[in-house]
Amino acid sequence: QVQLQESGGGLVQAGGSLRLSCAASGSIFSINVMDWYRQAPGKQRELVALITSGGRTNYADSVKGRFTISRDTAKNTVYLQMNSLKPEDTAVYYCHIITAPRDYWGQGTQVTVSS
């Protein structure tokens, strides 16, 4: 059984910063991709950023230059540093990992950015 434990969400003013963390535990042999999705009220869940086992990263256009994804392979942990936050970044953020043979989701953490 694999579990994902997210932390770091909260309320912040526009222009502020937050750092999300997600630690994977359990029977994990290898993690190919670790990523973050978000879902705002009334909207579809969208990919925010991903990082591969080789360290390649990719970002949604809306967060490029403001968010940074990183991972600690030894700890099976992925981070999302979010700077220059905007009210439109308000959403529930979900950690997601892709392993062999399946993927897993975290329970989500709320990020609220006030104007």
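The values are calculated or read from the model by the stated rules, or taken from the named source; none is laboratory data. All of these numbers come straight from a predicted model, not from anything done at the bench. Glycine gets a Cβ as well: all are built from the backbone with ideal geometry, and neighbour counts include every protein chain shown. Quick note on the areas: whole protein, heavy atoms, side chains included, nothing else; ligands and nucleic acids left out. Shrake-Rupley method; radii C 1.70, N 1.55, O 1.52, S 1.80 Å.
Computed over the chain, relative contact order equals 36 percent, with contacts defined as Cα pairs under 8 Å that lie 6+ residues apart.
Report the full-extension gain for the segment residue 13 to residue 83: residue separation times 0.36 nm, less the Cα-Cα distance, to one decimal in nm. Mind showing how you got there, number by number?
Details: separation 70, 0.36 × 70 = 25.20 nm, distance 1.10 nm.
Taking residue 13 through residue 83 to full extension adds about 24.1 nm, to one decimal.
Listed values for segment 91-101 are Karplus-derived 3J(HN,Hα) couplings in whole Hz (6.51 cos²θ - 1.76 cosθ + 1.60, θ = phi - 60°), namely 4, 8, 9, 10, 7, 8, 10, 10, 10, 9, x, and x replaces Gly and Pro.
The H on the amide N of residue 2, modeled in the peptide plane, is under 5 Å from the matching H of 27, each at least 5 residues off or on a different chain. The residues of the chain have, on average, 54 Å² of accessible surface per residue, using a 1.4 Å probe with all protein chains present. The C-alpha atoms of segment 23-115 occupy a region whose extents along the principal axes are 43, 25, 18 Å, arranged from largest to smallest.
In order along segment 31-40, phi translates into HN-Hα couplings of 10, 7, 9, 10, 8, 10, 10, 9, 9, 8 Hz, rounded to whole numbers, per the Karplus curve 6.51 cos²θ - 1.76 cosθ + 1.60 with θ = phi - 60° and x for Gly and Pro.
Show me the chymotrypsin sites (Phe, Trp or Tyr not before Pro) within segment 15-115 that DSSP assigns to loop and that have at most 10 other Cβ atoms within 10 Å of their Cβ. Of the chymotrypsin sites (Phe, Trp or Tyr not before Pro), the ones in loops of segment 15-115 whose Cβ has at most 10 other Cβ atoms within 10 Å are 29. For the chain, a simple Cβ point-charge model (Lys and Arg +1, Asp and Glu -1, everything else neutral) yields a dipole of about 100 debye relative to the Cα centre. Loop sites here are trypsin sites (Lys or Arg not before Pro) outside DSSP states H, G, I, E and B with no more than 13 other Cβ atoms within 10 Å. The longest part of the chain free of them is 1-42. Scalar couplings 3J(HN,Hα) for segment 8-14, obtained by applying the Karplus form with A = 6.51, B = -1.76, C = 1.60 to θ = phi - 60°, are x, x, x, 9, 9, 7, 3 Hz; x denotes Gly and Pro.
In straight-distance terms, cross-link reach from residue 64 covers every one of the lysines whose alpha-carbon lies under 16 Å from its own, apart from those fewer than eight places away in the same chain; here that gives 86.
What is the percent carbon and sulfur in the accessible area of the chain, measuring with a 1.4 Å probe over the protein chains and ignoring ligands?
Result for the chain: 47 percent of the exposed heavy-atom area is carbon or sulfur.
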